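The values are calculated or read from the model by the stated rules, or taken from the named source; none is laboratory data. No experiment lies behind these values; they were computed from the predicted model shown. Cβ coordinates were reconstructed from backbone atoms using ideal geometry, including for glycine residues, and neighbour counts include every protein chain displayed. The accessibility values were calculated without ligands, DNA or RNA, using every heavy atom of the protein model including side chains. Shrake-Rupley method; radii C 1.70, N 1.55, O 1.52, S 1.80 Å.
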Amino acid sequence: MSATVTSIAIHPERVASNSSIIRWVIPAGTLPVGLPIGFPSPLAQFFTDRVLTAGLVEDSAVWLWIHPDESWSTQGPAVREALVEALAAPDHWVIEPCDDAVLRHVAQDVLAGPVGDVIRSHGGDAALSSVNGNVVEVEFSGACSHCPAISFTLHNRLEKEIRARHPHLERVVSA
Amino acid sequence: MSSSHCEPGTSTQITLAGKRRFALIGNPNSGKSTLFNALSGLSVKTGNYPGVTVAKHLGQTRVGDSTVILEDLPGTYSLDAISPDEQVVVDVLSGVDEAPDGIIIVLDSTTLQRSLGFLARVLRHNIPAILVLTFTDDLQRRGGHIDASALSRALGIRVIPATSGERQGVNKIKATLAEFGSWESPVIAPPADAAQLTAWTESVLSTASYQPPEPDRRTAKIDAVLLHPVWGTLVFFIVMFAFFQTIFAVAAPMQEQIEVFFAWLGAKADAAITIGWLGAFVSEALLGGVGGVLVFLPQIALLFVMIAILEGSGYMARAAFLMDRVMAKAGLEGRAFVSLLSSVACAIPGIMATRSLPSAKDRLATMMAAPLITCSARLPVYVLLIGLLVDPDERFGPFNVRGLILFGMYLLGAVSAMLVAAIATRLSRRSGALLPFYMEIPPYQVPKLQAVVSAVWASAGAFVRKVTSIIMVTTIVLWLLLNFPQRSLAEMDAAGVDTSSETAMSAYVLDNSYAASVGKAVEPVFAPLGFDWRINIGIVSSLAAREVFVATLGQVAAAENPDEPLTALQDMKVLNGPDKGDPLFSPSVIAALLMFFAFALQCMSTVGVLRRETGSWRWPAIAFGYMFVVAWTMAFLAASLVRLVT
Amino acid sequence: MNHAKASLSHVISVLSHTQTQGRFFSRTGRRVDSRDTLDRVETGRTSIVQEIDPQLDPTIHQRLLDLGFTPGTPIQVLRAAPLGDPRIYRLAGYEVALRAQQARHIVVREDS
């Protein structure tokens, strides 16, 4: 075969609420969902050097927190390479399940992102109130809270989006 | 006609002060220029980038309560420039000139797998950008899919889906331009490394649920015929035949009407103006000269209609594909065919069309060859000369002899152009890397009326401007040279001229005019070909544009016999030498003239465009020189040959 | 699993190909080089880009990548011009004409 290296398909996305986080979209199912506490070697160095401060794994993405003194635009390319290498060795990750913590972040991101956009465009709003035992509680307000049809659709869509990122989701309930 | 009706107009500056500038960038065939036209409307101005002759298209549009400048960059597949057009894009992006405030990246949604890598490289320049996805209706029709908002999140920039020919997309783009200050930018620039880039593309497209379209079934069905080894070739020749038929046959009645109109106008003017010489000036020089050239307007308009239709429908790429092997014989590629085909109208658009050739050597070879193709400026010259040579009803078998000779002249032009291209590519082969040949074969489309209209409008407009400037000035100067100095009756009496005969008086004025001195000065050069000073005036004046030769001979003849210029031309006699008294336009002289006009670069507009396209006087000088030598030699050979057989 | 597949296909190729000076004749009688290139793929067939000749001029190399000839991309040979060259290829959702001269630099493997 040729020497051409085929790289693992990833790309970075913003997380609406926090500019120090990048959500790296990775092939679904590469890593188990949870909070990583141990990383394979090139990526681990970034944590040792305090460039990166935390991580989170959802079904098809890895979240990485960068230190406030660093910037993604300068560190990003190097982190990308390290992450690709680390993803090639999924067995070398140490990941704690921590379902509720992961769900909280995912739910918040979904509410700030595409589904939240739909809600807001209809004059409503939705906020995360709690996550407990894989059940996500959301508080709908504004226009949507009075309309059962819309809240039903939104509710379904929200559940679908969150479950796509975190398969352990039990259900979404309205507060 | 000729020439520089197709010259890009002088750069009209749209005031840049304080206005935001947005550049449109994208692949060829991405619908970028259509979008640009839709955004800019009638405000489009064409100029040139400094130093090169890559056309610069500027337009403006109102967004919100301010006006923004739009710039349509040449289409390119890559930011590793291998042609001048592509270099312009690279220079604009890297701010060599002055980087735009923002860029509008235009990508065909049906070819995203290919073009996302291009987008990545554009984004690496860190200029605020938005993405417009075109042909989303085609994507859907062909069973493809894209989630534009997911794509927008994955790319980190705004994405606006657009379909061909709907206002909504345009309005959405305008609204987005108005929000320039809040455009998002990618959180991390896309990777540069090829393998990582491929991975990035794959990841982004899968996140955006991209489903590439099925092959276009309509295009596949049409191509099964149009690119079939037998039927395709047949259709190609039919299309080319129809192309020429339309230019010459359909245009003819319109041309006659223009002729009739100017003749009528001239007669009116002559009758209305009581000062003798002024009346003659207005009817002969002004109306005669301009009218004689404006006759070609229908042809030019039709030619550009057809090129726009062939281009817009997607057939031009197929024609280039079918002709590639033939062009390869001359060391060129299929796209050079488009350039040579355009040269049938005029070498200027032909030379400008070489910009689509990535290889600098191919461009040069094509530019050296294009002026040999029988352009429509040669047509009136040929028609006049062949008319003097052959009776209208003479036949050779079932064919009209005039038509046959004319066809022969077209063939001669095409064959000699190919020969020159072959020689030029052989000579330049020694240096430089071999550049790749690649050509996108776009799906068939119904040509956009707007594109056809704007192509015709631009070319016809430029032609009319040229007629009313260069050609008008030339014909006026010529008229003055031919008719001055005016002689008094006393002078003529003294010279022994029969002052009772108007014809004799005109002839005397002409023989002693300033023009006669010019014609006589160059006589030694052309005497071996059998040309006398009266023909020489025509040749010198045709440097302005070939068709001026017709107008000049007309004026010379009219000066000799104002009432019957055509008869005068036929009755012109050799004035001195051994053949004195024989008709001036003998078969050998006509043959020599035909050859001379077939090969000589008698067109200053072409010289000017060559200068601009190549960036130096060297190539136009070489072209002018070699063509003159070939023209003189061929004319001499033709004259000698005809003299031998007659 | 990739390795297993590669070695299996290797065994098959050794069993079913007669080696003559580094070239093989496949079961279909099509001549296959140990490095098959795009210009040799029959009209109508689909193959996968493996790599672009690394010795190719970097600018042309990059241009072929920009045109979509990236490793892993499936390419279908659609049709040839009346005199056999150039040919039209379909890849990445579009069609492009290449001369054999360029296609020769694109190393492909059979679509499995």
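Under the condition of being within 14 Å of chain B (Cβ to nearest Cβ) and either open to solvent by less than 40 Å² (accessible area, probe 1.4 Å) or touching a helix residue (DSSP H, G or I) at 6+ places or on another chain (Cβ under 8 Å) (or both), the residues counted in region A:87-109 number 2. I'd like to check something: does region A:11-28 contain any residue that is at pLDDT below 90, within 11 Å of chain B (Cβ to nearest Cβ) and either in contact with a Phe, Trp or Tyr (Cβ under 6 Å, 6 or more places away or on another chain) or open to solvent by less than 30 Å² (accessible area, probe 1.4 Å) (or both)? Yes, there is a match, as at least one residue in region A:11-28 is at pLDDT below 90, within 11 Å of chain B (Cβ to nearest Cβ) and either in contact with a Phe, Trp or Tyr (Cβ under 6 Å, 6 or more places away or on another chain) or open to solvent by less than 30 Å² (accessible area, probe 1.4 Å) (or both).
In region C:1-72, counting only strands (runs of 3 or more DSSP E) that sit wholly within it, the ones holding 1 or more residues that are facing another protein chain (nearest Cβ under 9 Å) and either under 18 Å from the mean Cα position of the chain (by Cα) or modelled with pLDDT of 90 or more (or both) span C:46-52. With respect to the conditions (1) facing another protein chain (nearest Cβ under 10 Å); (2) in contact (Cβ under 8 Å) with a residue 24 or more places away in the chain; (3) part of a helix (DSSP H, G or I), B:I82 lacks only one, and its number is (3). When B:E256, B:E179, B:E184 are checked against the criterion of being under 32 Å from the mean Cα position of the chain (by Cα) and open to solvent by 50 Å² or more (accessible area, probe 1.4 Å), B:E256 stands alone in meeting it. Scanning region B:281-294 for residues that are crowded, with 21+ Cβ neighbours inside 10 Å and aliphatic (A, V, I, L, M) turns up B:A285, B:L287, B:V293, B:L294. So for region B:592-609 (the condition being open to solvent by 30 Å² or more (accessible area, probe 1.4 Å) and modelled with pLDDT under 90), does at least one residue qualify? Within region B:592-609, one or more residues are open to solvent by 30 Å² or more (accessible area, probe 1.4 Å) and modelled with pLDDT under 90.
Taking A:V131 as the residue in question, decide whether it is surrounded by fewer than 14 Cβ atoms within 10 Å (Cβ to Cβ), of a type in the set (A, V, I, L, M, F, W, C) and closer than 22 Å to A:R23 by Cα. Even if it seems obvious, please write down each step before you answer.
Working: surrounded by fewer than 14 Cβ atoms within 10 Å (Cβ to Cβ): no; of a type in the set (A, V, I, L, M, F, W, C): yes; closer than 22 Å to A:R23 by Cα: yes.
Answer is no for this residue.
For region B:64-71, the criterion of being modelled with pLDDT of 90 or more, open to solvent by less than 10 Å² (accessible area, probe 1.4 Å), within 14 Å of another protein chain (Cβ to nearest Cβ) and under 30 Å from B:A150 (Cα atoms) is satisfied by no residue at all. Screening C:G84 against (1) closer than 21 Å to B:Q113 by Cα; (2) within 10 Å of chain B (Cβ to nearest Cβ) leaves a single unmet condition, (1). Whether a residue is outside any strand (DSSP E or B) and open to solvent by 10 Å² or more (accessible area, probe 1.4 Å) was assessed, and B:Q60 does not pass this test. Considering region C:87-112, and only residues there that are part of a strand (DSSP E or B) and open to solvent by 20 Å² or more (accessible area, probe 1.4 Å), the residue that is nearest to the other protein chains (Cβ to nearest Cβ) turns out to be C:E95. Just one of the numbered conditions (1) in contact with a Lys or Arg (Cβ under 9 Å, 6 or more places away or on another chain); (2) within 14 Å of chain A (Cβ to nearest Cβ); (3) among the basic types (K, R) is not true of B:R158: (1).
Filtering region B:63-79 down to residues that are among the acidic types (D, E) and not in a loop (DSSP other than H, G, I, E, B), which residue is nearest to B:S454 (Cα to Cα)?
Per the criteria, the residue is B:D72.
Elements of the type strands (runs of 3 or more DSSP E) sitting completely within region A:76-167 and holding at least 2 residues that are of a type in the set (S, T, N, Q): these cover A:124-132. Screening region B:435-455 for residues that are open to solvent by 30 Å² or more (accessible area, probe 1.4 Å) and closer than 17 Å to C:G93 by Cβ and picking the one that is nearest to the other protein chains (Cβ to nearest Cβ) gives B:P443. Taken over region A:31-45, the criterion of being touching a strand residue (DSSP E or B) at 6+ places or on another chain (Cβ under 9 Å) and more than 10 Å from A:A86 (Cβ to Cβ) is satisfied by A:P32, A:V33, A:G34, A:L35, A:I37, A:G38. Candidates are the residues of region A:66-77 that are open to solvent by 40 Å² or more (accessible area, probe 1.4 Å) and closer than 14 Å to A:E13 by Cα; the one that is modelled with the lowest pLDDT is A:S73.
Scanning region B:90-114 for residues that are touching a helix residue (DSSP H, G or I) at 6+ places or on another chain (Cβ under 9 Å) and within 14 Å of chain C (Cβ to nearest Cβ) returns B:L107, B:D108, B:S109, B:T110, B:L112, B:Q113, B:R114. Scan region B:329-350 and tell me whether some residue there is open to solvent by 20 Å² or more (accessible area, probe 1.4 Å), farther than 13 Å from B:M418 by Cα and within 13 Å of chain C (Cβ to nearest Cβ). There is at least one residue in region B:329-350 that is open to solvent by 20 Å² or more (accessible area, probe 1.4 Å), farther than 13 Å from B:M418 by Cα and within 13 Å of chain C (Cβ to nearest Cβ). Taking (1) closer than 20 Å to B:S109 by Cβ; (2) within 9 Å of another protein chain (Cβ to nearest Cβ); (3) not in a loop (DSSP other than H, G, I, E, B); (4) not aliphatic (A, V, I, L, M) in turn, B:P213 satisfies each apart from (3).
Checking the stated criteria, A:L154 turns out to be at negative phi, among the aliphatic types (A, V, I, L, M) and not assigned by TED's automatic domain parsing to the domain that holds A:S41.
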